[in-house]
Amino acid sequence: MMELKNISENGTVPESRISDPVAVADMVRAMVRADEQRSSIRSKVKGLVDGNAPYNPNDLKKNGQSFRTNTNFREAETFLGMACSAFYDVFSEVPQFATVKVEHGDPDDSAEFSRIITQEFDKLQRNDADFDYLMQLSQHEMVLYGTGPILFEDATDWNCRPIKSGNLLVPDGSKSNVNDLPLAVVRNNYQVHELYSFIRKDAAAEKMGWNVAEAKRAIVDAAPAGENGNKADWEFYQQQIRNNDLAFSSKCNTVQVAHVFYREFPTDEHPEGAISHCMIAEGSAEPKFLFRKTNRYESWDQCLHVFFYDKGDGNYHACKGLGVKM
């Protein structure tokens, strides 16, 4: 697997610890291969909860054991529901979802400002139609598989995106503590209208860190070919998205994207080492960065959270959810 750039022998600190999109693509593929066995276990856990029979009927017949009971009584599904309900009660029955403390300005006013902001932020969360749904998805992943990751795609937006446990990849040997991660890969599928929304305004998108030309190429690759088997030019697909993005997106393949987050070396501006962020389109024959912004986040807290069912032996991959234990 690709290693992050290190300080050179003469003490020179690299501008960024990742700069080669081809190396990033190779690293993502290596991490996906390393996760294959864990993926197989997750599929068995999902089958257990979904009601799959405990034994392969053909194997039972071949071994002369067709008489054995081969029924899933859905006990695992019941246990999962009970455990998720317990965590949801702890989450939902708090007086407020967060306590905001103001440390700037007049100390005599800070307590009152803290109370007001806490109250308004809590109101913002409770009035959000998606917040409860998103947190329940995260809790489900946490209880079933052991980790319930959520991703903040924008450093200035409090809205999060829940991530499937299997779509967060970390290097083997990583600790079950996000702040200790050297890097993390989040795999995500975007519909073409979602990807287009990021680059709709070319100049602003490029300023944010988007490679607009590569994003357009990814959208064209995902779009269906015409009757003659050839692709149209970008303007045609752009107009299709603008005319009816949902209808057109339904005809297209999704764009599978790998987000790569990694910690840079500490600097005077970022004493703890900021978190940089880049993206590539998986499966591209000639990988290029879809997005790249160094020092985008001050810390892991601003981009990635992982809710652990337990801490295992301190190793990330030793964390097990209720599903594995069942």
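List residues of segment 291-312, by number, whose backbone nitrogen lies under 16 Å from a label position 7 Å along Cα→C-beta of Ala213.
291-292
Just to be sure I understand: of the beta bridges DSSP finds with both ends in the chain, what percent are antiparallel, rounded to 5?
Percent antiparallel among DSSP bridges in the chain is about 100.
Based on the Cβ-Cβ distance of Ser299 and Asn56, what FRET efficiency does E = 1/(1 + (r/R0)^6) give at R0 = 41 Å, to the nearest 0.05?
Computed FRET efficiency for Ser299 and Asn56: 0.30.
Using a 1.4 Å probe, what is the accessible area per residue for the chain, in Å²?
57
With r as the distance between the Cβ atoms of Asp172 and Glu103 and R0 = 41 Å, compute the FRET efficiency 1/(1 + (r/R0)^6) and round to 0.05.
Result of the calculation: an efficiency of 0.55.
Using R₀ = 35 Å, calculate the FRET efficiency as 1/(1 + (r/R₀)^6) where r is the Cβ-Cβ separation of Lys46 and Ala111; round to 0.05.
0.15
Tell me which GluC sites (Glu not before Pro) from segment 214-253 have a DSSP coil assignment and no more than 13 other beta carbons within 10 Å of their own.
Glu227
Relative to a virtual label point 7 Å from the Cα of Thr254 in the Cα→beta-carbon direction, which members of segment 155-177 show backbone nitrogen distances below 18 Å?
Zone members listed by number: 160-169.
Quickly rank 81-93, 286-298 as a protection proxy: mean count of other C-beta atoms within 10 Å, highest first.
Packing proxy ranking, top to bottom: 286-298, 81-93.
Under a point spin-label approximation (7 Å from Cα along Cα-to-Cβ), what is the Arg242-Tyr88 distance to one decimal in nm?
Roughly 4.3 nm, to one decimal.
Once the chain is represented by equal point scatterers at the alpha-carbon sites, with solvent omitted, what log10 I(q)/I(0) does the Debye formula produce at q = 0.07, 0.09 Å⁻¹?
-0.38, -0.62
From zero outward in steps of 5 Å, how is the percent of C-alpha pairs of segment 184-326 spread across the bins?
Answer for segment 184-326: a P(r) of 2, 9, 15, 16, 16, 13, 10, 9, 6, 4, 1, 0 percent.
Which lysines, if any, have their Cα less than 22 Å from the Cα of Lys293, not counting same-chain residues under 8 positions apart?
Lys5, Lys201, Lys207, Lys216
222 nm [θ] for the chain, helices only, -39500 (n - 2.57) per DSSP H run of 4+, per residue, to 500?
About -13000 deg cm²/dmol.
In debye, nearest 20, what is the charge dipole magnitude of the chain about its Cα centre with +1 on Lys and Arg Cβ and -1 on Asp and Glu Cβ, if you could check?
Dipole of the chain, to the nearest 20 debye: 1680 debye.
First check a/c for segment 1-135, with a ≥ b ≥ c the square roots of the eigenvalues of its C-alpha gyration tensor; if it is under 1.5, answer rounded, and if not, answer prolate when a/b is larger than b/c or oblate otherwise.
Because a/c hits 1.5 or more and a/b fails to exceed b/c, segment 1-135 counts as oblate.
Does a label point 7 Å from the Cα of Lys325, set along Cα-to-beta-carbon, have any residues of segment 22-46 with amide nitrogen under 13 Å, and which are they?
From segment 22-46, the list is empty.
Can you list the aspartates and glutamates whose alpha carbon is less than 20 Å from that of Lys251, not counting same-chain residues fewer than 8 positions off?
The qualifying aspartates and glutamates are Glu194, Asp221, Glu227, Asp233, Glu235, Glu282.
Under 5 Å between amide hydrogens, which residues at least 5 positions from Thr147 or on another chain qualify, with H placed 1.01 Å from N in the peptide plane?
Answer set, sorted by chain and number: Tyr309.
With all protein chains present, how much of the accessible area of the chain (probe radius 1.4 Å) comes from carbon and sulfur, to the nearest whole percent?
The computed percentage sits at 49.
Skipping prolines and chain starts, which residues have an amide H placed within reach, meaning under 5 Å, of the one on Arg296, given they are 5 or more residues away or on another chain?
Ile275, Ser276, His277
Please work out the Cα center distance from segment 24-43 to segment 201-227, rounded to the nearest Å.
27
Along segment 226-232, what does the Karplus equation 6.51 cos²θ - 1.76 cosθ + 1.60 (θ = phi - 60°) give for ³J(HN,Hα), rounded to whole Hz, x for Gly and Pro?
x, 4, 8, x, 9, 8, 7
The values are calculated or read from the model by the stated rules, or taken from the named source; none is laboratory data. The structure presented is a predicted model; accordingly, all values stated were derived computationally and were not measured. Glycine also receives a Cβ, built like all others from the backbone with ideal geometry; neighbour counts cover every protein chain displayed. What goes into the accessible areas is simple: the full protein's heavy atoms, side chains included, and nothing from ligands, DNA or RNA. Shrake-Rupley method; radii C 1.70, N 1.55, O 1.52, S 1.80 Å.
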